[in-house]
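The values are calculated or read from the model by the stated rules, or taken from the named source; none is laboratory data. Predicted, not measured: the structure shown is a model, and the values here were computed from it. Every residue, glycine among them, receives a Cβ derived from its backbone with ideal geometry; neighbour counts consider all protein chains shown.
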Amino acid sequence: MSQVIQDKVIDEKLEWSRINADVIASMQSPRRAYWVALAVCIAMLFCAVAAEIYQYKYGMGSAGLNNPHMWDMYIATFVFWIGMSHAGTLLSAILHIIHAQWRKPIYRFAEAMTTFSLMTAGIFPMIHLGRVWNLYWVLPYVSDRGIWPNFRSPLVWDAFAISTYLSSSALFLFIGMIPDMAILRDHTTGWRKKFYGILCLGWRGDDRQWRNFRRTYMLLACFLIPLAISVHSIVSSDFAMSIMPGWHITTFPPYFVAGALYSGCAAIMTLFVALRYFFRMEEYMTLNIMEKTCKLTFAIAMVWTYLNLIEFAATWYGHNIYDKELLIDKATGPYAAVFWTMIFCGMVVPFTLCFQKLRRHMPSMLVVSILLNLGMYVERWMIVAPTLAMSHQPHQWDVLWGTVIQWAIVFGSFGWFGLLFLIFVKLFPCVSMYEVKELCFHLKHEIEEEEHEKQHAAKAKAGATAGGGASPAGNPGLEGA
Amino acid sequence: MSLKNILENFSYYRRDAEAGGHHEYEHRFAMAIDLDICTGCNACSTACYAENNLPVVGKERFEAGQAMHWLRVERYWDEIEGDYPEQGAKMIPMMCQQCGAATCEPVCPVAATYHTPDGLNAQVYNRCIGSRYCSNNCPFRVRYFNFWSYYEDSWPEPLRMQLNPDLSVRDKGVMEKCTFCIQRIRNAKDKSQREERPLVDGDIITACAQACPTDAIVFGDTMDPESRVSKAWAKHQIHRGPVTAKKQKADEEIRGYRVFDELNVDPSVMYLERVRDTEV
């Protein structure tokens with residue numbers, strides 16, 4: 001079997017009308033599991049809203065924060081969600097530019113994940129502010145008193161970076177959906193027809209529109225890649241720009257970007273398994289695609305592991321007493337259990353992705369992807385908390401595990417993300433119809449070409465043996481090509 | 001600081017960003033604290049509570065680490081195999097060090113903390129939005145956040161009469177810290193201006209220095225070479241700015257040091273080591 005056929009990520013004989021029908025069916029008539037999931041998400045969100053109202057009324061003390069622990073799980077969760085948002089850009093923009101065809105059936109939900117996890121992440125710096133009602137002071141608006149934000153502060157960079165990234169990734173998601181919106185407009189009735197009719201912006205699918213569309217999409221993809229990398233580098237500056245041991249580390253920007261891609265890929269794997277199962281998308285989200293996602297995740301996991309070990313080594317050999325003590329304390333002190341969980345989930349568990357049997361076994365992939373993300377969440381918390389617990393001033397050493405309010409808000413953020421995602425999959429196609437068609441089309445041609453080639457080669461070989469070395473031996477493909 | 005101003009005076013702002021602190025100092029207020037004569041009585045801390053409208057947070061919140069003591073007296077014991085317990089704890093009154101190159105200043109997103117021409121690290125309560133980055137970036141951990149609204153609990157009705165009218169009572173969500181009694185500095189400056197004379201040493205005395213029974217805390221202006229604090233700094237060979245040369249430690253009388261001097265934050269508080277007789 002040839003390489004193309006062996007690696008083919010989708011059955012090229014899928015009919016276009018079936019693709020339309022399957023994807024549209026996934027958007028209609030939600031089953032009971034959907035309503036249960038929706039209810040769970042709303043309940044989780046309600047917990048967080050209740051906790052936030054309490055915290056707003058009585059102050060940040062209700063989150064259990066104290067003098068050394070001015071930041072805690074809120075910031076860790078913020079970094080976690082920002083990290084999640086990078087996978088969508090990786091799949092849709094980076095893989096688009098390098099022409100990785102296999103991304104096509106799965107990039108849409110990954111991109112939705114990007115937008116929604118950014119919307120989740122953006123909430124955390126707000127709710128952790130002591131006076132959230134003055135949030136807009138961070139923005140450089142024109143004030144009659146000539147007061148500006150402090151442009152030297154990484155938190156101000158955060159505000160710029162995240163808002164830019166959120167708006168561009170939302171725009172990218174929307175632009176990529178325009179041809180699909182037109183398909184939906186043509187295949188639905190009632191309010192949906194009106195809704196998609198507005199969103200498809202008068203798409204007719206003529207030549208000029210396609211050419212403009214391709215150009216815009218490519219342009220946005222090129223714009224988004226440096227943006228994504230800069231966003232997480234800036235988030236890492238929140239820590240790297242400080243003077244604290246365990247934060248003031250030069251490798252933080254690449255380390256954070258690697259960690260972001262890592263946790264994002266793990267989240268894609270989780271959603272992949274869930275969508276494949278719930279929407280019966282086995283024909284679109286094939287095992288071959290999962291395999292490729294797993295390999296990508298493994299590669300990124302190794303980069304992350306390497307950067308993590310480098311950080312330990314630099315601390316160890318750097319002989320900065322504060323840094324070194326903190327590293328030893330992380331591994332042996334009160335946070336030891338959490339630290340070793342991070343090492344296990346982040347550095348050891350990815351090796352399961354080396355086994356093909358496991359890569360093609362969906363339930364174990366679900367478990368592995370959740371473990372990877374647990375490791376990544378814990379990693380963020382291991383960056384934020386131990387530094388504050390054991391910084392320069394020994395009088396202020398303190399270990400903190402958070403209160404109910406803090407846990408509720410962190411927990412509820414998953415509900416908020418889930419709610420947005422569940423609404424998305426019923427309103428918009430979570431598999432890109434037009435790109436799956438493109439994929440099938442290209443694949444069909446590739447296979448045809450290959451078969452053609454093979455026939456020629458066989459013919460040439462037959463001719464060569466019959467004619468007694470008419471074509472050079474050992475190079476039978478030459479004539480076919 | 002309009003855009004035009006920034007563009008026209010770019011070199012000025014650039015220089016500021018590199019060197020930290022202020023460049024047209026009028027005063028540089030500083031302290032010298034002699035730990036040898038400090039008895040650890042906590043009078044300074046108490047005086048600070050009274051002077052600066054600090055809330056008493058109660059037992060639970062104190063234990064939760066949410067106390068608001070701008071000036072805390074830290075206690076450190078020797079290792080068990082050492083001289084414990086004969087010599088007791090070592091005390092060190094720890095307050096905002098008013099660093100010349102303060103790490104809290106560049107990280108505030110709204111510039112609520114900045115350097116004044118007096119060499120102080122000022123906190124503008126009204127501007128603070130409570131991101132708490134400043135406190136995270138403070139090696140001394142001397143910034144205190146209003147985790148709760150204390151107004152009702154700490155000063156029930158008649159007690160409100162005791163509040164110092166010279167400064168505000170902060171509400172929840174605001175960072176605060178030792179100001180070197182900036183209201184007293186203001187009053188002294190106003191007074192000297194009215195009397196048309198320069199500020200002299202002894203015009204300003206902070207609440208902690210005033211309350212100290214052994215006179216361990218000396219407050220003054222290091223730009224005035226005649227002030228007590230300048231003389232103490234010079235005597236113990238402590239200089240402004242980053243750490244450069246190694247100090248001569250030959251003389252036992254030279255006991256001065258600044259906490260975390262190696263971080264190059266240029267603290268304005270000099271401590272004098274406690275002299276202990278290890279032969280006891």
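Quick test for you: out of B:ASP224, B:ASP190, B:ASP215, pick the one residue that is surrounded by fewer than 20 Cβ atoms within 10 Å (Cβ to Cβ), touching a helix residue (DSSP H, G or I) at 6+ places or on another chain (Cβ under 9 Å) and within 24 Å of B:ALA47 (Cα to Cα).
Checking each option against the conditions leaves just B:ASP215.
Return a yes/no flag: does segment A:364-383 have any residue that is over 16 Å from the mean Cα position of the chain (by Cα), assigned to a helix (DSSP H, G or I) and within 14 Å of another protein chain (Cβ to nearest Cβ).
Yes: one or more hits.
Please work out if A:ILE249 is assigned to a loop (DSSP other than H, G, I, E, B), in contact with a helix residue (DSSP H, G or I) (Cβ under 9 Å, 6 or more places away or on another chain) and free of Cβ contacts under 8 Å to residues at least 60 places away in the same chain.
For A:ILE249, the condition - assigned to a loop (DSSP other than H, G, I, E, B), in contact with a helix residue (DSSP H, G or I) (Cβ under 9 Å, 6 or more places away or on another chain) and free of Cβ contacts under 8 Å to residues at least 60 places away in the same chain - is not met.
Just a yes or no: is a residue in segment B:125-139 more than 10 Å from chain A (Cβ to nearest Cβ), within 19 Å of B:MET270 (Cβ to Cβ) and part of a loop (DSSP other than H, G, I, E, B)?
no
Could you figure out which of (1) modelled with pLDDT of 90 or more; (2) aliphatic (A, V, I, L, M); (3) surrounded by fewer than 19 Cβ atoms within 10 Å (Cβ to Cβ) isn't true of A:ILE383?
(3)
May I ask you to list pairs of residues, at least six apart or on different chains, whose Cβ atoms are under 9 Å apart, with the first in segment A:48-75 being more than 10 Å from every other protein chain (Cβ to nearest Cβ) and farther than 22 Å from B:VAL57 by Cβ and the second being crowded, with 22+ Cβ neighbours inside 10 Å and hydroxyl-bearing (Ser, Thr, Tyr)?
A:ALA48/A:SER413
Please go through segment B:28-52 and give me each residue that is part of a loop (DSSP other than H, G, I, E, B), surrounded by 20 or more Cβ atoms within 10 Å (Cβ to Cβ) and either of a type in the set (Val, Ile, Thr) or within 15 Å of the chain's Cα centre (by Cα) (or both), ordered by number. Reasoning before the result, please.
Applying the first criterion (part of a loop (DSSP other than H, G, I, E, B)) to segment B:28-52 yields B:28, B:35-42, B:52.
Keeping just the survivors that are surrounded by 20 or more Cβ atoms within 10 Å (Cβ to Cβ) gives B:28, B:38, B:52.
Selection gives B:ARG28, B:ASN52.
Any residue in segment B:230-243 that's closer than 12 Å to B:TYR271 by Cα: show its pairings with residues that are of a type in the set (Phe, Trp, Tyr) at Cβ separation under 9 Å, as long as the two are six or more apart or on different chains.
Sorted first by the residue in segment B:230-243, then by its partner, the pairs are B:HIS236/B:TYR257; B:ILE238/B:TYR257.
Inside segment A:324-351, can you point out the residues that are buried (at least 17 other Cβ atoms within 10 Å of the Cβ) and of a type in the set (Gly, Ala, Ser)?
A:GLY346
I need a count of the residues in segment A:163-177 that are under 11 Å from A:TYR217 (Cβ atoms) and out of contact with any helix residue (DSSP H, G or I) (no Cβ under 9 Å at 6 or more places or on another chain).
Selection size over segment A:163-177: 0.
Restrict the check to segment A:334-346 and report whether at least one residue is modelled with pLDDT under 90 and over 21 Å from A:THR77 (Cβ atoms).
No, segment A:334-346 contains no residue that is modelled with pLDDT under 90 and over 21 Å from A:THR77 (Cβ atoms).
Restrict the check to segment A:286-295 and report whether at least one residue is more than 22 Å from the chain's Cα centre (by Cα) and of a type in the set (Ser, Thr, Tyr).
For segment A:286-295, residues more than 22 Å from the chain's Cα centre (by Cα) and of a type in the set (Ser, Thr, Tyr): absent.
Step by step: first the residues of segment A:170-202, then only those that are outside any helix (DSSP H, G or I) and exposed (fewer than 15 other Cβ atoms within 10 Å of the Cβ), then the one that is modelled with the lowest pLDDT. Which residue is that? Talk me through it step by step, then tell me what you get.
At the first step, the residues of segment A:170-202 found to be outside any helix (DSSP H, G or I) are A:188-189, A:200-202.
Of the ones still in play, those that are also exposed (fewer than 15 other Cβ atoms within 10 Å of the Cβ) are A:189, A:201-202.
On the way: A:THR189: 84, A:LEU201: 90, A:GLY202: 87.
It comes out as A:THR189.
Has segment A:140-155 got at least one residue that is of a type in the set (A, V, I, L, M), surrounded by 17 or more Cβ atoms within 10 Å (Cβ to Cβ), assigned to a helix (DSSP H, G or I) and within 14 Å of chain B (Cβ to nearest Cβ)?
Yes.
Go through A:GLU283, A:GLU291, A:GLU311 for me and flag whichever is of a type in the set (Asp, Glu), farther than 19 Å from A:MET376 by Cα, assigned to a helix (DSSP H, G or I) and in contact (Cβ under 8 Å) with a residue 40 or more places away in the chain.
Details: A:GLU283 fails: assigned to a helix (DSSP H, G or I); A:GLU311 fails: farther than 19 Å from A:MET376 by Cα.
Exactly one residue qualifies, and that residue is A:GLU291.
For segment B:105-124, which positions are among the aliphatic types (A, V, I, L, M) and more than 7 Å from chain A (Cβ to nearest Cβ)?
B:ALA112, B:LEU120, B:ALA122, B:VAL124
Quick check on segment B:140-157: of everything there that is within 13 Å of the chain's Cα centre (by Cα) and in contact (Cβ under 8 Å) with a residue 60 or more places away in the chain, which residue is farthest from the other protein chains (Cβ to nearest Cβ)?
Our first condition is that a residue be within 13 Å of the chain's Cα centre (by Cα); within segment B:140-157, this holds for B:140-144.
Subsequent filtering for residues that are in contact (Cβ under 8 Å) with a residue 60 or more places away in the chain retains B:140, B:142, B:144.
Numbers: B:PHE140: 6, B:VAL142: 8, B:TYR144: 7 Å.
Selected residue: B:VAL142.
Restricting the search to segment A:72-102, which residues are part of a loop (DSSP other than H, G, I, E, B) and either within 12 Å of the chain's Cα centre (by Cα) or surrounded by fewer than 23 Cβ atoms within 10 Å (Cβ to Cβ) (or both)? Even if it seems obvious, please write down each step before you answer.
Step one: list which residues in segment A:72-102 are part of a loop (DSSP other than H, G, I, E, B), which gives A:72, A:85, A:98-100.
Once the filter is applied, which keeps residues that are part of a loop (DSSP other than H, G, I, E, B) and either within 12 Å of the chain's Cα centre (by Cα) or surrounded by fewer than 23 Cβ atoms within 10 Å (Cβ to Cβ) (or both), segment A:72-102 yields A:SER85, A:ILE98, A:HIS99, A:ALA100.
Can you report the number of residues in segment B:86-102 which are surrounded by fewer than 23 Cβ atoms within 10 Å (Cβ to Cβ) and at the interface with another protein chain (Cβ under 9 Å from one of its Cβ atoms)?
Qualifying residue count, segment B:86-102: 1.
May I ask you to verify whether A:PHE109 is closer than 17 Å to A:ASP158 by Cβ, more than 10 Å from chain B (Cβ to nearest Cβ), out of contact with any Gly (no Cβ under 7 Å at 6 or more places or on another chain) and not polar (S, T, N, Q)? Please lay out each step first, then the result.
Numbers: closer than 17 Å to A:ASP158 by Cβ: no; more than 10 Å from chain B (Cβ to nearest Cβ): yes; out of contact with any Gly (no Cβ under 7 Å at 6 or more places or on another chain): yes; not polar (S, T, N, Q): yes.
Judged against the criteria, A:PHE109 is not a match.
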